[in-house]
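> One structure follows; several queries about it will come next.
The values are calculated or read from the model by the stated rules, or taken from the named source; none is laboratory data. Bear in mind the structure is a predicted one, so any value in this text is a computation, not a measurement. Please note: Cβ atoms are built from the backbone with ideal geometry, for glycine as well, and neighbour counts cover all protein chains shown.
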Amino acid sequence: MRIIGPSLMEWPSRVRTLFPVALTGLGATTVVGPPLVGWSVLRLARSVSAAESDRARASGVGVGVASVAVASLVAGTVVARRRFLTNTANAARDLDPGFREPPVSPLVSTGPGSLVDPRGVGREGARYVGTATTGDDVRFVTGAEPIAEPIRVFVGLDAGASVQQRVDLAMAELRRTGAFDRSHLVIQAPAGTGYANATPVDVVELLSRGDCASVAVGYGLLPSFLSLNRVDLARRTQQALLEAITAECDERSARPRLLLFGESLGAKVQQAALAAGVADLDRFGIDAALWVGTPGGVDYDDVHRAFDHVAVTLDRPAQIEQVLRERPTPRVWFLEHDGDPVVRFRSDLAHTRPTWLSPAQGRGVPPDMQWRIGVTWAQVLVDTLFATDVSPGDFRSYGHDYRADLGAVVTEAFGLAPVDAQAGWVERREIRLRELEVRRAEQVRGSLEAQRPRAPKVTSP
């Protein structure tokens with residue numbers, strides 16, 4: 001009997017070879033204990049963690065839960081682990097060569113007149129505020145003149161000593177930039193490192209012709225896999241931010257549409273901040289929420305139930321028409337790949353056959369993948385370590401990589417389809433989103449004067 005069959009993700013050959021070794025001696029009929037197997041399979045991934053981390057840093061694209069840095073901790077001493085965590089956090093404070101000069105726009109944090117010190121945003125925050133879209137981007141996609149220059153606000157962990165200080169600073173920045181006078185305000189919960197996905201914000205900026213603002217407040221400096229103990233801090237941060245924004249909007253005769261976005265751990269954080277489900281959407285005046293690649297877990301089903309009668313769940317943009325026939329005006333969108341191991345991994349996978357391995361298996365789930373008690377749990381755990389393998393501008397709808405889906409899904413979820421754009425705007429949106437990511441990656445590597453590269457061929461997910 002084979003110990004391992006097809007997996008959700010492609011593994012390096014040496015990991016696939018060594019995986020059965022981690023299970024040696026357990027026997028085909030043994031109930032495999034998750035702690036034992038988890039320790040073993042994470043150790044075998046250490047051999048690829050350094051290369052994976054280097055590639056992710058060079059790409060300028062966040063990898064979220066798929067970060068394999070956790071594998072480096074498994075076999076270390078307490079002192080070594082503490083040193084590793086400290087060094088990782090300090091690295092997240094260092095700015096990339098292309099982002100060491102503050103932005104020139106006064107409408108983004110750390111720019112002229114900003115209340116946020118450049119040292120308070122960290123590497124991910126600097127990338128976020130330093131790459132807002134331009135008027136030329138708007139003209140290219142829509143064929144129309146921009147309405148305004150977009151606003152981006154980011155407050156990192158080091159910008160304040162407490163949740164309230166960081167939220168107060170974010171609110172001061174939103175007021176300073178005139179964010180509450182815009183038509184749309186995107187509230188994003190970042191990942192553990194502070195990574196805020198720029199692509200969905202790019203979509204809003206392009207299709208609103210700049211008439212929008214976005215805000216993210218960080219809660220840590222470590223990869224999401226190492227930030228699970230900070231979910232409560234992140235939840236309190238999101239709640240405090242939402243309460244402050246709601247209070248500000250209540251004092252105004254007109255307010256922007258409030259749009260929530262969270263990806264991976266960021267999605268889980270926003271969901272935790274809205275524990276009352278639809279009642280909290282109403283309390284905070286949320287117009288729409290898009291949650292992407294929500295990590296599985298014991299509360300996953302409860303979250304879906306809490307928003308069930310106002311939500312749709314889809315795997316890819318091709319399903320948009322179908323889900324809208326079933327629920328014409330959804331307020332909450334769950335974008336979750338059928339074959340995303342970050343979504344599929346949960347503790348009860350060790351002893352319970354999951355519905356996604358039923359005969360009607362979804363996209364990205366190998367048709368001959370089978371559930372085996374204990375073994376499949378360990379197998380999907382390894383899958384999470386390789387769930388995001390990104391190349392700038394090469395958008396894929398695969399695993400935990402949702403970049404190819406975001407253009408269409410953000411447009412629909414947030415109601416942004418322009419009525420007066422020139423024909424071909426959908427294709428131009430996809431081209432420019434890829435070009436923007438390539439541009440960011442060039443800036444991460446320090447090529448400030450790099451010419452805008454040609455985007456890869458756009459393929460439908």
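Each row is one residue, and each column tells you yes or no for (1) in contact (Cβ under 8 Å) with a residue 24 or more places away in the chain; (2) hydrophobic (A, V, I, L, M, F, W, C); (3) in contact with a helix residue (DSSP H, G or I) (Cβ under 7 Å, 6 or more places away or on another chain); (4) on the phi > 0 side of the Ramachandran plot.
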{"site": "Gly130", "(1), (2), (3), (4)": "yes, no, yes, no"}
{"site": "Thr142", "(1), (2), (3), (4)": "yes, no, yes, no"}
{"site": "Pro150", "(1), (2), (3), (4)": "yes, no, yes, no"}
{"site": "Phe154", "(1), (2), (3), (4)": "yes, yes, yes, no"}
{"site": "Asp168", "(1), (2), (3), (4)": "yes, no, no, no"}
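> While we're here: Which residues, counting only those in region 389-430, are of a type in the set (Ser, Thr, Tyr) and under 16 Å from Pro200 (Cβ atoms)?
Taking region 389-430 first, the residues of a type in the set (Ser, Thr, Tyr) are 391, 397-398, 402, 411.
If the condition is that a residue be of a type in the set (Ser, Thr, Tyr) and under 16 Å from Pro200 (Cβ atoms), then Ser397, Tyr402, Thr411 are the ones that fit.
> Which members of region 162-211 meet the condition of being over 29 Å from Trp425 (Cβ atoms) and of a type in the set (Ser, Thr, Tyr)?
Selection gives Ser162, Thr193.
> May I pose another question? Might you let me know whether region 227-240 holds any residue that is at pLDDT below 95, outside any loop (DSSP other than H, G, I, E, B), over 17 Å from Phe307 (Cβ atoms) and of a type in the set (Gly, Ala, Ser)?
Of region 227-240, the ones at pLDDT below 95 are 227-232.
Adding the requirement that they be outside any loop (DSSP other than H, G, I, E, B) leaves 228-232.
So of that shortlist, the ones also over 17 Å from Phe307 (Cβ atoms) come out as 228-232.
Now drop any that are not of a type in the set (Gly, Ala, Ser), which leaves none.
Checked against the condition, which is being at pLDDT below 95, outside any loop (DSSP other than H, G, I, E, B), over 17 Å from Phe307 (Cβ atoms) and of a type in the set (Gly, Ala, Ser), region 227-240 yields no hits at all.
> Here is a follow-up. Could you please tell me which pairs satisfy a Cβ distance under 8 Å, a separation of 6+ or placement on different chains, a first residue in region 422-438 that is under 17 Å from Ser397 (Cα atoms), and a second residue that is polar (S, T, N, Q) and assigned to a helix (DSSP H, G or I)?
Pairs that qualify, where the first residue is under 17 Å from Ser397 (Cα atoms) and the partner is polar (S, T, N, Q) and assigned to a helix (DSSP H, G or I), are Arg429/Thr411; Leu433/Thr199; Glu437/Thr199.
> What do you reckon, is Val186 buried (at least 24 other Cβ atoms within 10 Å of the Cβ) and touching a Cys at 6+ places or on another chain (Cβ under 6 Å)?
Values: buried (at least 24 other Cβ atoms within 10 Å of the Cβ): yes; touching a Cys at 6+ places or on another chain (Cβ under 6 Å): no.
For Val186, the condition - buried (at least 24 other Cβ atoms within 10 Å of the Cβ) and touching a Cys at 6+ places or on another chain (Cβ under 6 Å) - is not met.
> If you don't mind, another one. Mind listing just one residue for me: the one in region 374-390 that is part of a loop (DSSP other than H, G, I, E, B) and modelled with pLDDT of 90 or more and, of those, surrounded by the fewest Cβ atoms within 10 Å (Cβ to Cβ)? Steps first, answer last, please.
First, the residues of region 374-390 that are part of a loop (DSSP other than H, G, I, E, B): 374, 386-390.
Filter once more, so that each one left must be modelled with pLDDT of 90 or more: 386-387.
Values: Phe386: 22, Ala387: 29.
Of everything passing the filter in region 374-390, Phe386 is surrounded by the fewest Cβ atoms within 10 Å (Cβ to Cβ).
> Then there is this: Do the conditions hold for Thr329, that is, is it modelled with pLDDT of 95 or more, touching a Phe, Trp or Tyr at 6+ places or on another chain (Cβ under 7 Å) and hydroxyl-bearing (Ser, Thr, Tyr)?
Numbers: modelled with pLDDT of 95 or more: yes; touching a Phe, Trp or Tyr at 6+ places or on another chain (Cβ under 7 Å): no; hydroxyl-bearing (Ser, Thr, Tyr): yes.
No.
> Also, I was wondering about something else. Restricting to region 164-183, count the residues that are surrounded by fewer than 19 Cβ atoms within 10 Å (Cβ to Cβ) and either within 23 Å of Ser224 (Cβ to Cβ) or in contact with a Ser or Thr (Cβ under 7 Å, 6 or more places away or on another chain) (or both).
1
> For Asp405, only one of the following conditions fails: (1) within 18 Å of the chain's Cα centre (by Cα); (2) closer than 17 Å to Glu10 by Cα; (3) part of a helix (DSSP H, G or I). What is its number?
Unmet condition: (2).
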